[in-house]
1. Around CYS253, what is the net charge, scoring Lys/Arg as +1 and Asp/Glu as -1 over all other residues with Cβ under 9 Å from its Cβ?
2. Could you sort the peptides 323-330, 3-10, 140-147 by per-residue average Cβ neighbour count (10 Å cutoff), highest mean leading?
3. Distance check, please: which entries in LYS23/LYS116; LYS285/LYS312; LYS64/LYS116 exceed 20 angstrom between their Cα atoms?
4. By average Cβ neighbour count within 10 Å, what is the ranking of 337-349, 38-50 from highest down?
Amino acid sequence: MDFESNYEIARAADFIRSGGFTKVALQFPDELLKDSVRVVSALRDKLRCVEESQSDSEQNGDVKDVSLFVMADTAYGSCCVDEVGASHVNADCVVHYGHTCFSPTTTLPAFFVFGKASISLSDCVKNLSDHAVKNGKPVLVLFGLEYAYLIRHIRDEVVEGCTSSSGLNIQFAETMSSDMNPSETHKISNGCMEPASGIAGDKGFETVANNRYSIGGLVWELREGHKMEDYLLFWIGPDNSAFANVVLTFNGCEIVRYDPTANCTMTDLSQQRRILKRRYYLVEKAKDANIVGILVGTLGVAGYLHMINQMKELITAAGKKAYTLVMGRPNPAKLANFPECDIFVYVSCAQTALLDSKEYLAPVITPFEAMLAFNRGSEWTGAYVMEFRDLISTSPAESRNQSEEARFSFLKGAYVEDFDIQENDEDKEGTLSLANATEKALQLRDNLNSLAKQPARSGAEFLAARSYQGLDILNGSTLPEPYLIGRSGRAAGYNDEKCKQEKL
């Protein structure tokens, strides 16, 4: 495929010139960084051509020079727009290349270049038509954004094949607009907020209304009277984070995945379904946590500060201690520096929120799972929310009087009373030691029906209980200690050792 067509050099140049941007940050993921030099060269040549054409057509000739900066090794997920990195060069906008989660930006406008992955058009259409005929359900086609350039051709091929398949009902999702402005809502790729189009038995496109959905840059609307569980989801793309987001969000739907690289369909999603069981176990484990760490997984997605504050209120109202941690991309080594945290809540975009925390010292959960764990009386109905912006309007916490009632811990096998840190702090005096506060916790483990009261310890209490607390500081001694001159020479033979040998 043509290089300039794959990286959409012409469209990116038009976006930069039409917006009047003079400092542009080009964000590349690791796998595309090898092409960054060619992209910069081609984009600079295209901007120069646009500049010459504008200077010839305009009398004033007021055309500004554009500076291009390449960004790599983002602090957080490469699918999000790195506004922090762009701010280091005072960039006016960001051109994002490669896979994206389409999370809205906070301050900077952005232009997305999805890329164009290869796919067998005839084989994809054949597999799609076969599953639509065999299943009998209406089909909703979702896809990776790298295949968005071919969806119109796939749809046309399916329309032509509808003559031999009466009653075929296939609906295609639309992609959002490639340019994003933080002050505006997303538009569908055709430029207006029109509903998605479908293919019905009459071989025509139907206009649908109500039941509007969006996920990972895709938008569609269901016909009136239908719900997502009535559809067979046909995913075109690899088994990546975007597909996992679809599987967990619409876990009640039947899903078929077409792999363009292997030219085959995958119907066995048992591995993805097993993730839900693992997440439910982490929710139960989070209920018994005393100290919770809030991991900041993004500094650019709109609404992340609101969600962090909402998590703090939720955790505090549940009688637990919360600490906010900013460390970039989390890994087991980084989180192991905070052994006092029983669990971590990861506030990030939908496609990086799920961390396989089997190798971590403490589990890592999502804001949705935190709401299930820390809201007393809440039950999981099977629905799963990956996007934290969908939880901002949710009530952050239950009333405190409900926390006085004991709950049953499935992991401990006993009834547990959550310990309220704030009420405990009000009863403390300034001279009360941390050890005395810890001794107030009562634990009865005589039988399975015993009542156990668990204190929600803070980081200071955890440090006080450790055998090693760092270097000892002698506050009583103010006099400087005398210094000693160490050895000189090499390890093979220090100078003082040579003197001893000569005397011998």
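The numbers here are math on the coordinates, done by the rules we state, and not lab data. Quick caveat: nothing in here was measured; it's all calculated off a predicted structure. FYI the Cβ positions are ideal-geometry reconstructions off the backbone, even for glycines, and counts take in every protein chain you see.
1. -3
2. Those peptides, ordered most packed to least, come out 140-147, 3-10, 323-330.
3. Beyond 20 Å: LYS23/LYS116; LYS64/LYS116.
4. 337-349, 38-50
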